[in-house]
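Undergrad: Mind looking over this structure? Questions follow.
The values are calculated or read from the model by the stated rules, or taken from the named source; none is laboratory data. Treat the numbers as computed from the prediction; the structure is a model and nothing was measured. Here the Cβ positions follow ideal geometry from the backbone for every residue, glycine too, while neighbour counts run over all protein chains shown. All accessible areas refer to the heavy atoms of the entire protein, side chains included, with ligands and DNA or RNA removed. Shrake-Rupley method; radii C 1.70, N 1.55, O 1.52, S 1.80 Å.
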Amino acid sequence: MVMKYLRNRVETSKIEQAERTNLPDWVSDRNASAKAWRCTEELKLEKQLYIKRHNSQTDFLVKKNYQIKGAEVARAVGMNRTVLMNTSTYAERFRQYLADVNGELEEEKNARLKRAENPTAGGVQRSRKQDLVDRIKKDEETIAELEQRICEGFDEIFDKLPLPVKKKLGIS
């Protein structure tokens, strides 16, 4: 029992130490910047998951589904938005970090929509209606052209048939 506790404590301290080494230089445990940074990272993962699960343009009409706002982070951390975004010593760097994160999320969203617009697999079910209509028109034109060629070929064949065969077939 005590050994489990100690092992868990060592593991959590290793995780915290690794996290501290990955922190940006503006993040500090002495103020709320560390909480805000961690919260932003968690929200980023949630937003990435939303982007991964949705692929329609209408799914992204509301920005709060795929973008992180300063008020959302401040509410989660439990502080005032103006303090977090404007008056604190780390506010400018946090705003820049938040803008970078939102830029990444926007790029992921656009890439996801681009992939969804031009599906590589899935067949007819994943194709757009206009693509299917165009494909059918093209196929109908090809069929008409092939039928025309076949008819011309038959006319040549019938012309080359000897007269007794034509009489047997009832052509002449």
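Undergrad: In the stretch 22-85, carbon and sulfur make up what percent of the accessible area (probe 1.4 Å)?
TA: Accessible surface attributable to carbon and sulfur in the stretch 22-85 totals 48 percent.
Undergrad: Can you work out the base-10 log of I(q)/I(0) for the chain at q = 0.12, 0.16, 0.20 1/Å, using the Debye formula on its C-alpha atoms alone?
TA: At q = 0.12, 0.16, 0.20 Å⁻¹ the computed log10 ratios are -0.80, -1.02, -1.24.
Undergrad: Now for a separate question. Hey, can you find the accessible area per residue of the chain for me, probe 1.4 Å, expressed in square angstrom? Display every interim value, and only then the final one.
TA: Numbers: 13250 Å² over 172 residues.
Heavy-atom accessible area per residue stands at 77 Å².
Undergrad: Still on this structure, I have one more. Between ILE150 and ASN86, what is the spin-label point distance in nm, taking each point 7 Å from the Cα along the Cα→C-beta axis?
TA: Placing both labels 7 Å along Cα→Cβ, they lie 7.7 nm apart.
Undergrad: Evaluate the distance, in nm, between pseudo-label points positioned 7 Å from the Cα of LYS160 and of ASN55 along their respective Cα→Cβ axes.
TA: In this crude spin-label approximation the distance works out to 5.2 nm.
Undergrad: Could you rank the peptides 148-157, 33-42 by their average count of other C-beta atoms within 10 Å per residue, with the highest value first?
TA: The densest-packed peptide leads the list: 33-42, 148-157.
Undergrad: Just name one of THR58, ASN102, VAL73: the one whose Cα is farthest towards the positive end of the charge dipole of the stretch 54-109 (beta-carbon charges, Lys/Arg +1, Asp/Glu -1).
TA: Value: VAL73.
Undergrad: Let me ask something additional. Can you return the lysines within cross-link range of LYS129? Criterion is Cα-Cα under 21 Å, with same-chain partners fewer than 8 residues away left out.
TA: Once the sequence-local lysines are set aside, what remains near LYS129 is LYS114, LYS137, LYS138.
Undergrad: May I ask you to list the lysines whose Cα is less than 18 Å away from that of LYS4, ignoring any residue fewer than eight positions away on the same chain?
TA: Hits, sequence-local ones excluded: LYS14.
Undergrad: Another one. Mind computing the radius of gyration and Dmax over the alpha-carbon atoms of the stretch 2-98? Å is fine for both.
TA: Rg then Dmax for the stretch 2-98, in Å: 16.5, 53.
Undergrad: Order the following by accessible area, largest value first: ARG53, ARG115. Probe radius 1.4 Å; ligands, DNA and RNA are ignored. Display every interim value, and only then the final one.
TA: Numbers: ARG53 170, ARG115 140 Å².
Descending accessible area places them as ARG53, ARG115.
Undergrad: When the chain is modelled as a GNM with alpha-carbon springs shorter than 10 Å, which of SER56, SER88, SER13 fluctuates the most?
TA: In this elastic network of the chain, the residue with the biggest mean-square fluctuation among SER56, SER88, SER13 is SER13.
Undergrad: Determine, from the Cβ-Cβ distance of GLN48 and VAL133 and an R0 of 35 Å, the FRET efficiency 1/(1 + (r/R0)^6), rounded to the nearest 0.05.
TA: Values: r = 35 Å, r/R0 = 1.01.
So, using R0 = 35 Å, E works out to roughly 0.50.
Undergrad: Oh, and also: Work out the length of the dipole vector of the chain about its Cα centre, built from +1 on the beta-carbon of each Lys and Arg and -1 on the beta-carbon of each Asp and Glu, and round it to the nearest 20 debye. Can you show the working numbers first?
TA: Numbers: 34 positive and 28 negative charges, 179 e Å.
My answer is approximately 860 debye.
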